[in-house]
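Take a look at the structure below.
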Amino acid sequence: MTSRPHSHDLYTVDQVRALDRRAVEVLGILGIELMQRAAAAGFACLRRRWPSARRIGVYCGPGNNGGDGFLLAAMALDAGWQVDLYALSNEMRGDAASARQRFEQAGGELRRWNGAMAIPDVDVHVDALYGTGLTRPPEEPVAQLIAQLNASGKPLLALDVPSGLNADTGQCPGLAIEADATVTFIAAKRGLYTGRASGQVGEVELDLLDLPEMLWEGMPPDATLLQVQALPPRSRHAHKGDNGHVLAIGGDSGTAGAIRLCGEAALRAGAGLVSVATRESNLVALNSARPELMAHAVDGPQALEPLLDRADVLAVGPGLGQAAWGHALWLTALEAGKPLVLDADGLNLLAREPRRFSQVAVLTPHPGEAARLLQCTIPDIEADRFAAVRALAIQYHAVVVLKGAGSLMADPDGRLAVCPWGNPGMATGGMGDLLTGVIAALLGQGCTPWQAACLGVGLHARAGDAAAAFGERGLMASDLLLPLRRLLNGLDA
């Protein structure tokens, strides 16, 4: 995404429909003109990305998205290209019918897709089957067409939304187009950036269709995409006490690695001091591996109290466990009233003993933990990640990070942000422990909970992308630590 106006604004499907109606009814722009602009944007994207293409397959649905496809096909014919166009129906209405007429006037021939045919051998396929309105699984014969397109091995360009993808939630109720690129129109749909969408949209381009800025007045976005950020330089006379003392609590027997990753990430993210409250059996390993961590043996709440008194921020949960030891430390930490980041077993314990936070709190659940916190199922969470993260923020009165492809951040006031970075190589043990430490360190350096969550998630994901330069498979959580430090300081990772 570029830094053009609205390039980081995300809208719901209802909002986009309202913007579309406003363009026609208030600004007086004809629907066919909007369709023409969308087709031109799609054709320009196609020519830019695949400059050697001269034969395309275009697949049109009966609605306005199909109209975009008819007009793109007409432009390709005018440019001397060969076009194979298949429509789901011979019946079009309104602007889509006008677009079909324009295609036929350019010399195009429409073929009705019946499911018993094979797709043509072309340079690029263009998906104009369904727009933003589809919320059900594509039925036959469309599902069979989508399956053929995905298996073709040829590039796929989606107009506005990959067909079969829910543009509001990012989920696919059935088969969906797996695009190499998606050019979306008027406004970025929030569902293109999270959940299953990451495997369907390819690279997303936004085209505002040359609409005037007044179109968006009074229509705030539902969410925003994170932008690249770094903390400002430190004062030259700063000392360690200025940069926060993080206390990481966890590491039951056999899980020293989790609390070490959390503590080390807090150090790399700029915390002035990091203490670790853990099992005595972990001390030798922690002290020898990372002597900068101040590791303390804590056998229960009484031993934890003096460490809590000295800490500014708590990171609770990595390797904590849910047995008596972990539960006692968790309860003592929460009752201390200090700003905290809660992850892993810290969240599982919260699901068992729910509470609404009065102190600063950032919760970082993955979908399984989110399901336990909301007493529902993982499919319920993934069906609408936006609704889930907002519900968590309200229910627990905390800033919440719902992790996964396109991680989401929400606060109790309904504010919502989406992370556009990250990769499948980060689906490995320890990544969440790292994120907990990063967010805790940012809280300790004066960030608000919202700033700490957004900046922390963005840095963590971008560090993961930098670390994946050598490949996604085999990526380890500790590989993120050095690029994390560079990114935090505004350097190229």
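The values are calculated or read from the model by the stated rules, or taken from the named source; none is laboratory data. For clarity, every value in this text was computed on a predicted model and none was experimentally measured. No Cβ is skipped: glycine too gets one built from the backbone with ideal geometry, and neighbour counts run over all protein chains shown. Calculation scope for accessible area: heavy atoms of the full protein, side chains included, ligands and nucleic acids excluded. Shrake-Rupley method; radii C 1.70, N 1.55, O 1.52, S 1.80 Å.
Out of VAL204, VAL183, VAL161, one residue alone is open to solvent by 10 Å² or more (accessible area, probe 1.4 Å), of a type in the set (Val, Ile, Thr) and either under 20 Å from the mean Cα position of the chain (by Cα) or closer than 25 Å to ARG22 by Cα (or both). It is VAL204.
I'd like the residue in region 311-361 that is charged (D, E, K, R) and closer than 22 Å to MET431 by Cβ and, out of all such residues, is surrounded by the fewest Cβ atoms within 10 Å (Cβ to Cβ).
Looking only at region 311-361, we keep the residues that are charged (D, E, K, R), and these are 312, 335, 338, 343, 345, 352-353, 355-356.
Now restrict to residues that are closer than 22 Å to MET431 by Cβ: 343, 345.
Numbers: ASP343: 30, ASP345: 24.
Among those that are charged (D, E, K, R) and closer than 22 Å to MET431 by Cβ, it is ASP345.
Has region 17-30 got any residue that is over 15 Å from MET75 (Cβ atoms), open to solvent by less than 30 Å² (accessible area, probe 1.4 Å), in a loop (DSSP other than H, G, I, E, B) and of a type in the set (Gly, Ala, Ser)? The answer is no; no qualifying residue exists. Residues that are open to solvent by 40 Å² or more (accessible area, probe 1.4 Å), within 28 Å of the chain's Cα centre (by Cα) and closer than 30 Å to GLN148 by Cβ do occur in region 59-68, at least one of them. Looking at this structure, is LEU247 in contact (Cβ under 8 Å) with a residue 12 or more places away in the chain, open to solvent by 10 Å² or more (accessible area, probe 1.4 Å) and among the hydrophobic types (A, V, I, L, M, F, W, C)? Criteria not met by LEU247.
If the requirement is being over 30 Å from the mean Cα position of the chain (by Cα), closer than 30 Å to ASP413 by Cβ and of a type outside the set (Ser, Thr, Tyr), which of these qualifies: LEU320, LEU308, LEU273, LEU225?
On the way: LEU320 fails: over 30 Å from the mean Cα position of the chain (by Cα); LEU273 fails: closer than 30 Å to ASP413 by Cβ; LEU225 fails: over 30 Å from the mean Cα position of the chain (by Cα).
Unique residue meeting the criteria: LEU308.
When you check ALA118 against the structure, is it over 22 Å from LEU206 (Cα atoms), of a type in the set (A, V, I, L, M) and open to solvent by 50 Å² or more (accessible area, probe 1.4 Å), yes or no? Considered against the rule, which asks whether it is over 22 Å from LEU206 (Cα atoms), of a type in the set (A, V, I, L, M) and open to solvent by 50 Å² or more (accessible area, probe 1.4 Å), ALA118 comes out as yes.
In region 31-43, the qualifying residues are those that are without any contact (Cβ under 8 Å) to a residue 60 or more places away in the chain and open to solvent by 30 Å² or more (accessible area, probe 1.4 Å), and the one that is farthest from ARG93 (Cα to Cα) is ALA40. Test ALA188 against the stated conditions and say whether it is surrounded by 24 or more Cβ atoms within 10 Å (Cβ to Cβ), within 30 Å of ASP20 (Cα to Cα) and either in contact (Cβ under 8 Å) with a residue 40 or more places away in the chain or not charged (D, E, K, R) (or both). The answer is yes for ALA188. Those residues that are outside any loop (DSSP other than H, G, I, E, B) and either small (Gly, Ala, Ser) or in contact with a helix residue (DSSP H, G or I) (Cβ under 9 Å, 6 or more places away or on another chain) (or both), I need them from region 128-175; list them, please. Those that are outside any loop (DSSP other than H, G, I, E, B) and either small (Gly, Ala, Ser) or in contact with a helix residue (DSSP H, G or I) (Cβ under 9 Å, 6 or more places away or on another chain) (or both): ALA128, ALA143, ALA147, ALA151, LEU156, LEU157, ALA158, LEU159.
Within region 92-105, at least one residue is open to solvent by 30 Å² or more (accessible area, probe 1.4 Å), modelled with pLDDT under 95 and either among the hydroxyl-bearing types (Ser, Thr, Tyr) or at positive phi (or both).
Taking region 374-464 and the helices (runs of 4 or more DSSP H) fully enclosed by it, the elements with 3 or more residues that are over 12 Å from LEU363 (Cβ atoms) and more than 15 Å from the chain's Cα centre (by Cα) are at 378-383, 431-444. Is it the case that some residue within region 67-81 is touching a Pro at 6+ places or on another chain (Cβ under 9 Å), of a type in the set (A, V, I, L, M, F, W, C) and part of a helix (DSSP H, G or I)? No: zero hits.
Each row is one residue, and each column tells you yes or no for (1) more than 17 Å from ALA405 (Cβ to Cβ); (2) among the aromatic types (Phe, Trp, Tyr); (3) open to solvent by less than 20 Å² (accessible area, probe 1.4 Å).
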{"site": "MET426", "(1), (2), (3)": "no, no, no"}
{"site": "GLY430", "(1), (2), (3)": "yes, no, yes"}
{"site": "THR436", "(1), (2), (3)": "yes, no, yes"}
{"site": "ALA441", "(1), (2), (3)": "yes, no, yes"}
{"site": "THR448", "(1), (2), (3)": "yes, no, no"}
{"site": "MET476", "(1), (2), (3)": "yes, no, no"}
{"site": "GLY490", "(1), (2), (3)": "yes, no, no"}
